[in-house]
Amino acid sequence: MSKQKPIYVTQPNLPPLEEFYPYLQQIWDNKILTNGGPFHQQLERALCEYLGVQHLALFSNATIALVTALQALRVTGEVITTPYSFVATAHSLLWNGIKPVFVDVDPHTLNIDPARIEAAITPQTTAIMPVHCYGHPCEVEAIQRIADNYNLKVIYDAAHAFGVEDQGGSVLRHGDLSVLSFHATKVFNTFEGGAIICPDARTKQRIDHLKNFGFVDEVTVVAPGINGKMSEINAAFGMLQLQGIDRAIARRKEIDASYRRLLEGVKGIACLGDAGEKVANYSYFPVLVGPDYPLGRDALYDKLKAHDVYARRYFYPLITEFPMYRGLPSAHRENLPVASAAAQKILCLPIYPALGLEDVERVARLIVEA
Ligand code: T4K
């Protein structure tokens, strides 16, 4: 067994601790710890500018943001979504008493296949919740056409899509709302955190009320809101993180290129391509382990682990395999052949700014020498 340092699928990007002290000092000085304080306001403005979006509401995490986004648009009944995601996507529907209806994904992007959406629409359908999986944009125009034809809302789970742009600008401008995650494992992290991106000030105001118990002022509560607020510590850290974000994404891009070079031509290993985005964020490095590869996907996962390389099988099992979903008619594997096959083949390799070229070579060598 190797004695090398462990390499995890990701490692949060952390600036030198001393750089955070002045931010903490400011919080200690003004004693505003939460409830839309100065750092919260600053970070909302700074992120709108960085991402090129109009309105953004910060949250304590993306899961609460998804739950709130559905509340904000008063989504009910059935929502069409993808089984190929982190379980929080579908959980946000169950927390709202909404029935998820799963449709299969596109084999090239592993995002929801728009060609499958129409057949899943029923009189109860009120919305579509696609996921920009691995930060690769969905077929936003096709999805919007269907939504317009059937008068459906579109809420994007954009947890992976920080900073991603298509030809027209931020991918976050599509649909009615988009939700970002700033979890420790994400491209841009605030330890825990998230945000809803919305197109107009009125919707942002409703979201701001919903994330603060429904309070409008000291004595007025307009909705059964939740506590979804981001604290000042997280927001301050976000301000600091933003300074290094371009460097962090550039470093991810180099790692992505190194993997592609080192794994090129390895029989049975297919690196997932992009989805035609103009600016990518390289948030994950997914490979598909095919039948031509000498080892099965799980054997490769175990081999890497035995050498202290902790790749992850995002997204295996499919959401539809979990007990609270598997009884749904749309969760049957025959309904989801592409997603089911991908879940058996997928392996996400380590990618994060501090991963050195020698580490990338070490991971690639283990795969090449199977
Ligand atoms: N929608 C989508 C599409 C998502 O992918 C997610 C989250 C959400 C919604 C919900 O967003 P949040 O509510 O979380 O904001 C991780 C994350 O916990 C989760 O945020 C993420 N997706 C999911 C894809 O991955 P796990 O269970 O794999 O995390 P964990 O703790 O095993 O971490 C993976 C590796 O990262 C560890 O082996 C080591 C490293 N790590 C992790 C943490 C937490 C660190 O080095 N430091 C850390 O602090 O779910």
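Overview of values
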{"read-out": "Shape metrics for region 267-349, restricted to C-alpha atoms - Rg then Dmax, Å", "value": "14.5, 41"}
{"read-out": "Under 20 Å from the Cα of Lys345 - lysines, other chains or at least 8 residues apart", "value": "Lys267, Lys303, Lys305"}
{"read-out": "Footprinting exposure proxy for Leu240, Leu304, Leu24, Leu172 (fewest neighbouring C-beta atoms within 10 Å first)", "value": "Leu24, Leu240, Leu304, Leu172"}
{"read-out": "Those trypsin sites (Lys or Arg not before Pro) in region 11-116 that DSSP places in a loop and that have at most 15 other beta carbons within 10 Å", "value": "Lys31, Arg74"}
{"read-out": "Ascending count of other beta-carbon atoms within 10 Å, so fewest first, for Asp113, Asp308", "value": "Asp308, Asp113"}
{"read-out": "Within region 124-255, percent of DSSP bridges classed antiparallel, to nearest 5", "value": "60 percent"}
{"read-out": "Ile319, Ile346 arranged by Cβ crowding within 10 Å, fewest neighbours leading", "value": "Ile346, Ile319"}
{"read-out": "Span from the region 1-42 Cα centroid across to the region 221-275 one, whole angstrom", "value": "16 Å"}
{"read-out": "Percent RCO, i.e. relative contact order, over the chain, from Cα pairs under 8 Å lying at least 6 residues apart", "value": "24 percent"}
{"read-out": "Region 1-74, dipole about Cα centre (Lys/Arg Cβ +1, Asp/Glu Cβ -1), debye to the nearest 20", "value": "340 debye"}
{"read-out": "Mean ellipticity per residue at 222 nm, deg cm²/dmol - from DSSP H runs of n ≥ 4 across the chain, formula -39500 (n - 2.57)", "value": "-11000 deg cm²/dmol"}
{"read-out": "Rounded, prolate or oblate (a/c below 1.5 giving rounded, otherwise prolate when a/b exceeds b/c) for region 224-370 by Cα gyration tensor", "value": "oblate"}
{"read-out": "Cα shape, the chain, gyration tensor, a/c 1.5 rule", "value": "oblate"}
{"read-out": "Taking region 230-296 and dividing mean pair separation by its residue count, relative contact order in percent (alpha carbons under 8 Å, at least six apart)", "value": "30 percent"}
{"read-out": "Reachable aspartates and glutamates from Lys253, criterion Cα separation under 14 angstrom, eight or more residues apart if same chain", "value": "Asp274, Glu277"}
{"read-out": "Shape category assigned to region 167-221 from the gyration tensor of Cα positions, a/c cut at 1.5", "value": "oblate"}
{"read-out": "Residue range of the chain that is longest and free of GluC sites (Glu not before Pro) which are both DSSP loop and sparsely packed (at most 16 other C-beta within 10 Å)", "value": "1-217"}
{"read-out": "Calculated from backbone phi, Karplus (6.51, -1.76, 1.60) coupling profile of region 265-280 in Hz, x at Gly/Pro", "value": "x, 6, 4, x, 10, 10, 7, 5, x, 7, 10, x, 5, 7, 10, 9"}
{"read-out": "Restricting region 265-299 to trypsin sites (Lys or Arg not before Pro) in coil, as DSSP defines it, with at most 12 other Cβ within 10 Å", "value": "Lys267"}
{"read-out": "Computed over region 27-111: relative contact order in percent, which uses C-alpha pairs under 8 Å that are six or more apart", "value": "22 percent"}
{"read-out": "Zone of Gln11's modelled label, taken as backbone nitrogen in region 305-335 under 20 Å from a point 7 Å along Cα→Cβ", "value": "305-313"}
{"read-out": "For the chain, share of DSSP beta bridges that run antiparallel, in % to the nearest 5", "value": "60 percent"}
{"read-out": "Reach of Lys5 by Cα under 13 Å, taken over aspartates and glutamates that are not fewer than 8 positions away in the same chain", "value": "Asp308, Glu358, Asp359"}
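Readers should treat all values here as calculations from the given coordinates under stated rules, not as data from a laboratory. Note that the coordinates shown come from a computational prediction; the quantities given were computed from them, not determined experimentally. Note that each Cβ is placed from the backbone with ideal geometry, even for glycine, and that neighbours are counted across all protein chains shown.
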